[in-house]
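For reference, the structure is listed below as structure tokens.
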Amino acid sequence: MAMATAVTLTGCARPAGPAAPPGRGATDRMLSAEPTGEEPYRRWGLTAPLAVAPTPATAPLAGSPARPAGPALPPVVDRIPTRDKVVFLTYDDGAERDPRFIDMVRELRLPVSMFLTDSVAGPGYAHFARLRSVGAGLQNHTLDHAALRGLPYAGQRAEICGQQNKLKSRFGLRPRLFRPPYGTYDTTTLRAAADCGITAVVLWRASMGPAGLTYTQGSHRLRPGDIVAVDPDETRAPTLRERTATLLRQIQRQGLTVGRLENYL
């Protein structure tokens, strides 16, 4: 697995590239959490249940030198070296707080990872407490969404450790995983992250936006172990639930399912 490189992005948008057709076949009725007598997967726009992901006996990157960033520095990953037919769904910032997304995660038993920015998610931490209660993982995306690359060590440490402290205070946890805003970082970022207790810096190989999937490198097709970033909603159409349902249908068409990132890192 090649070392992930830093890329310069605008906002939390991902780099432009060829997009797969979004294939929005789900209707508002299908994306509703209202009881209809249907199987849950049908309510959320799927034609079959999600396959249950295996639980790895050991985290594939634990102690692995496959992607070292340097002595005592956390690895930087955009995909996980695994033969399991899984991909990993990640969500940034915390701006979208649709309660029906909580229903979707609960009913589909969807193992998602939320990378939270305090200045964005802070006013709605109760929403993320509910997401956590139905199985979502909560991870670090800095205090204020500052572009870290090039900042002095003290500033980078304050952004990363500050959010570690916020999440510890609010949820009783100190995340192990960190995503730098805009996907940009430098060696100072990795040093600061390590000093704040971070064990892996998480980027992405694929991202899901309103136009569909784009890829940072390699084949324009999901592969086992890919980390997928579901872009923050800047247009309000399609909704977070619609983008997630579209992505899940594509994952299923490619013979994959969704794994829990925290089980593999």
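Each residue of segment 245-252 was assigned a 3J(HN,Hα) from its phi angle through the Karplus curve 6.51 cos²θ - 1.76 cosθ + 1.60 (θ = phi - 60°); the sequence is 5, 4, 5, 4, 5, 5, 4, 5 Hz, with glycine and proline shown as x. Each 5 Å bin from zero up to the one holding the largest Cα-Cα distance in segment 72-112 carries the following percent of pairs: 5, 14, 19, 22, 15, 15, 8, 2, 0.
Do any GluC sites (Glu not before Pro) in segment 144-243 lie in a loop, going by DSSP, with at most 16 other beta-carbon atoms within 10 Å of their beta carbon, and if so which?
Answer by residue number: GLU234.
Considering only beta bridges that DSSP places wholly inside segment 148-248, some 45 percent are antiparallel.
Ligands, DNA and RNA left out, the 1.4 Å accessible surface of segment 133-265 is 49% carbon and sulfur atoms. Residues in segment 137-265 average 34 Å² of solvent-accessible surface per residue, probe 1.4 Å, ligands and nucleic acids excluded.
Distance between the modelled labels on ASP144 and ARG83, one decimal in nanometres: 4.9 nm (7 Å Cα→Cβ projection). In order along segment 141-154, the phi-based Karplus estimate (6.51 cos²θ - 1.76 cosθ + 1.60, θ = phi - 60°) of 3J(HN,Hα) comes to 9, 6, 6, 10, 6, 6, 5, 7, 4, x, 6, x, 3, 4 Hz; Gly and Pro are listed as x.
The 3J(HN,Hα) values that the Karplus relation (6.51, -1.76, 1.60; θ = phi - 60°) gives for segment 196-202 are, in residue order, 8, x, 7, 9, 7, 9, 10 Hz. Gly and Pro appear as x.
The values are calculated or read from the model by the stated rules, or taken from the named source; none is laboratory data. Source: prediction; values computed, not measured. Ideal geometry is used to build each Cβ from the backbone, glycine not excepted, and the neighbour counts take in all protein chains shown. Ligands, DNA and RNA are stripped out before the accessible areas are found, and what is left, the full protein with its side chains, is counted by its heavy atoms. Shrake-Rupley method; radii C 1.70, N 1.55, O 1.52, S 1.80 Å.
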